[in-house]
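Please read through the structure below; I'll follow up with questions.
FYI, it's all coordinate maths here, none of it is from the lab. Being a predicted model, the structure only gives us computed values, none of them experimental. Cβ sites come from the backbone with ideal geometry, for glycine too, and all protein chains shown count toward neighbours.
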Amino acid sequence: MAMNMITAKTITTTTIMTMPDTAALLTLMQWLSPAYPVGAFSYSHGLEWAVEAGDVTNAGSFATWIGDILQHGAGRNDAILLASAYRATLDEMADIDATARAFAASRERLMETQFQGDAFCRTVAATHGAALNGLCYPVAVGAAARLLDVPLAQTLPMYLHGFAANLTSAAIRLVPLGQTEGQSTLAGLAPLCQTIAMQTAGQTLDDLGGCCILGDIAAMKHETQYTRLFRS
């Protein structure tokens, strides 16, 4: 029994010692946690209208909806903007941020990325001493990761997963989905987040684009929805 306990302790210690960049992972977990004060919980990214219109009615239709947003819409574009900001010089950052604003398809989509970015910049400046101000959300995350030497290869998939997790939380309330059903859907999206991260890591602003037209229309329609729980 004693030998087994010593062996287990040795393996555990060795595993911890060889884990790649644990500090960076913990930083990303903090930044992209629902507890981080960027107000992500108040936005549905058009999902609330999609539920109202009957386009999203269950776990399957939600998985399709969020999968398309990630792969062909704002998720992929955010990843490209984040990666571009990560590689940018100070002179290039303003152009990347302006492009991010231009790709917001509606007034509240612009509010979403702008307000979350402002809150992220303020909090990172206060907690990590990173000199950031007035950047849209994906641009701010990319810039902060570069300043604090958080690897892009870790930042991208965790940002995308955080994006999917926020919308899954909204879907649990709106569709509604059960907690387990929602978490199962999110788990199924994890490989897609990793794939998109790998695809976009080396892409530039020239690769921005999308074909998630219904998602953009949902965000526009949501702005005038009679009753709603979320901003966008």
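What's the percent breakdown of Cα-Cα distances in region 71-128 across 10 Å bins, shortest bin first?
Whole-percent P(r) values from 0 Å outward: 21, 52, 26, 1.
So what does log10 I(q)/I(0) come out to for region 106-194 at q = 0.15, 0.16, 0.19, 0.26 Å⁻¹, using the Debye formula with one equal point on every Cα and no solvent?
With no solvent term, the Cα-only Debye profile gives -0.68, -0.76, -0.95, -1.16.
Okay, next question. How would you order 189-200, 26-37 from highest to lowest mean count of nearby Cβ atoms within 10 Å?
Output ranking for 189-200, 26-37: 189-200, 26-37.
So, one more: Once the Cα atoms of the chain are picked out, what are the Rg and Dmax in Å?
Rg then Dmax for the chain, in Å: 18.8, 67.
If you take the Cα Rg of region 158-222 and divide it by 2.2 N^0.38 Å, with N the number of residues, what do you get? The partial results should precede the final answer.
Numbers: Rg = 14.0 Å, N = 65, 2.2 N^0.38 = 10.7 Å.
Here the answer is 1.30, to two decimals.
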